[in-house]
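Right, one structure below, let's go through it.
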Amino acid sequence: MYYYNPDGTQAKGIQRMAGRYFKFNSITGEFEKFVNQKIVIDVSSHNGVIDWNKVKNSGKVDGVILRLGYSVGFIDTSFLRNVNELNRLGIPYSVYLFSYAVNPYEAGLEADFVIRTIRNNPVKIASNLFSIYYDLESWFISSTGENSNNISKEAYGGMITTFADKIKSNLGIEARVYASKSYVYERFPSYAWPYATWIAQWGPEITYKEAYEGWQYTNNGSIPGINGRVDMSIFYY
């Protein structure tokens, strides 16, 4: 089933119609399922040692996205502990990788790293709820001077499709992109926009016009069991 809006555009991503949330595939527009809103947090070693019992008992978190690591070979120091705790408590989760790639070849190496890490550890992705996410944003390495400033739109497009295709073909799980609204529009080619389905736009509303499945609405959330502030998103299931 597909749906076309009154202006002739095809409905993709999450659409609210007749009081219900519909999820259409972000690429093809094919209807997938009816969905509801859920609160999701994303965490890394920057959040310290998390008391996951308190997180679960708070009733404020429906799912989690863990930083698997960054670049190639760098596993987040809290990743395996967090995986084991979420498995123990039955909290659904997925993972993201912070990218330092500058071209499609390096993006492929990062995808290989994600695949190896998932296969070699007791990672149980809730693929019925989440994609695996490729975190693309500005970065700078002070020791070498390397940065993301000169990555072209076409390079980003190749990076995104290379990463997504490798994850899908090896793990059978969709891979999508986390990025800010401005980064998507300013740095990615338009053909890659449908892959950016977890959007960061901090504030009371999201104005991103493309299809999305998750909206990171703040980096200033507060959850029992986590010291300091935490990123929070609304996802649609």
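Of the residues VAL123, VAL230, VAL177, which is among the aliphatic types (A, V, I, L, M) and over 25 Å from VAL55 (Cα atoms)? So that I can check it myself, show each step before the final result.
On the way: VAL123 fails: over 25 Å from VAL55 (Cα atoms); VAL230 fails: over 25 Å from VAL55 (Cα atoms).
Answer to the selection: VAL177.
Pull out all pairs, ordered by first then second residue, where Cβ-Cβ is under 6 Å, the residues are six or more apart or on different chains, the first lies in the range 63-88 and is closer than 25 Å to TYR105 by Cα, and the second is among the basic types (Lys, Arg). Qualifying pairs under 6 Å: ASP76/ARG67.
Yes/no per residue for (1) open to solvent by 10 Å² or more (accessible area, probe 1.4 Å); (2) assigned to a loop (DSSP other than H, G, I, E, B); (3) at pLDDT below 95:
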| site | (1), (2), (3) |
| --- | --- |
| ASP112 | yes, no, no |
| LEU129 | yes, yes, yes |
| GLU137 | yes, yes, no |
| ALA155 | yes, no, no |
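How many residues are under 16 Å from TYR212 (Cβ atoms) and exposed (fewer than 15 other Cβ atoms within 10 Å of the Cβ) if we restrict to the range 6-16? Explain how you work it out, then say what you get.
Residues of the range 6-16 under 16 Å from TYR212 (Cβ atoms): 9-16.
Now restrict to residues that are exposed (fewer than 15 other Cβ atoms within 10 Å of the Cβ): 9-10, 16.
Qualifying residue count, the range 6-16: 3.
Residues that are among the hydroxyl-bearing types (Ser, Thr, Tyr), more than 17 Å from the chain's Cα centre (by Cα) and either closer than 27 Å to PHE188 by Cβ or open to solvent by 50 Å² or more (accessible area, probe 1.4 Å) (or both): does the range 61-80 have at least one? Looking for residues that are among the hydroxyl-bearing types (Ser, Thr, Tyr), more than 17 Å from the chain's Cα centre (by Cα) and either closer than 27 Å to PHE188 by Cβ or open to solvent by 50 Å² or more (accessible area, probe 1.4 Å) (or both), one finds at least one in the range 61-80, hence yes.
Hey, any hits in the range 148-157 for a residue that's under 23 Å from ASP112 (Cβ atoms) and within 18 Å of the chain's Cα centre (by Cα)? Checking the range 148-157: at least one residue is under 23 Å from ASP112 (Cβ atoms) and within 18 Å of the chain's Cα centre (by Cα). The lone criterion from (1) more than 18 Å from ASN128 (Cα to Cα); (2) touching an Asp or Glu at 6+ places or on another chain (Cβ under 6 Å); (3) not acidic (Asp, Glu) left unmet by ILE39 is number (1).
Listed conditions (1) among the small types (Gly, Ala, Ser); (2) without any contact (Cβ under 8 Å) to a residue 12 or more places away in the chain; (3) touching a Lys or Arg at 6+ places or on another chain (Cβ under 9 Å) are all met by SER143, apart from (3).
Suppose we keep only residues that are at positive phi and surrounded by fewer than 14 Cβ atoms within 10 Å (Cβ to Cβ) within the range 182-237. Which one would you say is modelled with the highest pLDDT? Lay out the reasoning, then the answer.
Restricting attention to the range 182-237, the residues satisfying the condition of being at positive phi are 203, 225, 228.
Now restrict to residues that are surrounded by fewer than 14 Cβ atoms within 10 Å (Cβ to Cβ): 203, 228.
Numbers: GLY203: 91, GLY228: 97.
The qualifying residue modelled with the highest pLDDT is GLY228.
When the residues of the range 17-54 are filtered to those that are of a type in the set (Asp, Glu) and within 20 Å of TRP215 (Cα to Cα), the one that is modelled with the highest pLDDT is ASP42.
Of the strands (runs of 3 or more DSSP E) lying entirely inside the range 1-99, the ones with 1 or more residues being out of contact with any Gly (no Cβ under 6 Å at 6 or more places or on another chain), of a type in the set (S, T, N, Q) and over 27 Å from PHE113 (Cα atoms) are found at 13-17, 37-43.
Residues in the range 114-127 that are open to solvent by less than 70 Å² (accessible area, probe 1.4 Å) and either assigned to a helix (DSSP H, G or I) or in contact with an Asp or Glu (Cβ under 7 Å, 6 or more places away or on another chain) (or both): VAL114, ILE115, THR117, ILE118. Within the range 158-179, does at least one residue satisfy the condition of being over 21 Å from LEU68 (Cα atoms) and either in contact with a strand residue (DSSP E or B) (Cβ under 9 Å, 6 or more places away or on another chain) or modelled with pLDDT of 95 or more (or both)? The answer is yes, given that some residue of the range 158-179 is over 21 Å from LEU68 (Cα atoms) and either in contact with a strand residue (DSSP E or B) (Cβ under 9 Å, 6 or more places away or on another chain) or modelled with pLDDT of 95 or more (or both). Has the range 169-179 got any residue that is surrounded by 16 or more Cβ atoms within 10 Å (Cβ to Cβ), among the β-branched types (Val, Ile, Thr) and in a helix (DSSP H, G or I)? For the range 169-179, residues surrounded by 16 or more Cβ atoms within 10 Å (Cβ to Cβ), among the β-branched types (Val, Ile, Thr) and in a helix (DSSP H, G or I): absent.
Please tell me if GLU186 is assigned to a helix (DSSP H, G or I) and among the acidic types (Asp, Glu). Here the answer is yes, as GLU186 does meet what is asked.
The values are calculated or read from the model by the stated rules, or taken from the named source; none is laboratory data. Everything numeric in this text was worked out from a predicted model, so none of it was measured. All Cβ positions, even for glycine, are placed from backbone atoms using ideal geometry, and neighbour counts span all protein chains on display. For accessibility, only protein heavy atoms count, side chains too; no ligands or nucleic acids. Shrake-Rupley method; radii C 1.70, N 1.55, O 1.52, S 1.80 Å.
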